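Only one structure is covered here, and it is reproduced in the block below.
The values are calculated or read from the model by the stated rules, or taken from the named source; none is laboratory data. Keep in mind that what you see is a predicted model, and the values were worked out from it rather than measured. As a convention, Cβ positions derive from the backbone with ideal geometry for all residues, glycine included, and neighbour counts pool all protein chains shown.
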Amino acid sequence: MADRNVYIGLRQQILTLAPATVGLAPSPLHPHVYGGLMEMGIGDAVATLVVVADGTTSFYFSTGGGIIGAGVHETVKGPSKAFLAALERHMGELSPDPSEQTPSAGMIHLRALTFDRGRLLAAVPEADLAAKRNPLWDVFFTGHALIAAIRKLPNVPKAA
């Protein structure tokens, strides 16, 4: 239960983050999107990838564990920026996100945290993204490239 509470707390922090509190404002590189999440429903669990334009990058699990602060590593910085850039490019394909629901098994939630449109969401079957049947496949594959970079970090458990 404690692991689940930690996960809920971390997730709530990012979903309610006010960009100005961490010194973020629209810029040429990030005119709209200041943060993003890729959440994957895996059985009864959820894996959450988080990226913020200030360099914060984390990957954590509803069952406990994860990698917090991966964005300080040089090998993660480029893929993190690419993930936010992909969300920025596809922002028009996301809809307002009034709920904070997590994805069910086999679903992917792609969330953009924006300066001017609030929180946006696309909920897509993982199979459609993997087969490139949905235009958001670019965000999905960019997110997986970032996860691969995180997994290659020293001292990261191979199950992460």
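Couple of notes before you dig in:
- Any hit, the range 1-15, residues being within 19 Å of Leu146 (Cβ to Cβ), touching a helix residue (DSSP H, G or I) at 6+ places or on another chain (Cβ under 9 Å) and not basic (Lys, Arg): no
- Selected residue (only one of Gly55, Gly106 is at pLDDT below 95 and on the phi > 0 side of the Ramachandran plot): Gly55
- Members of the range 124-147 that are part of a loop (DSSP other than H, G, I, E, B) and closer than 16 Å to Ala82 by Cα: Leu136
- Qualifying position, being touching a Leu at 6+ places or on another chain (Cβ under 8 Å), of a type in the set (Val, Ile, Thr) and surrounded by 13 or more Cβ atoms within 10 Å (Cβ to Cβ), among Thr114, Thr102, Thr142: Thr114
- Any chance Ala85 is assigned to a helix (DSSP H, G or I), at pLDDT 95 or above and at negative phi: yes
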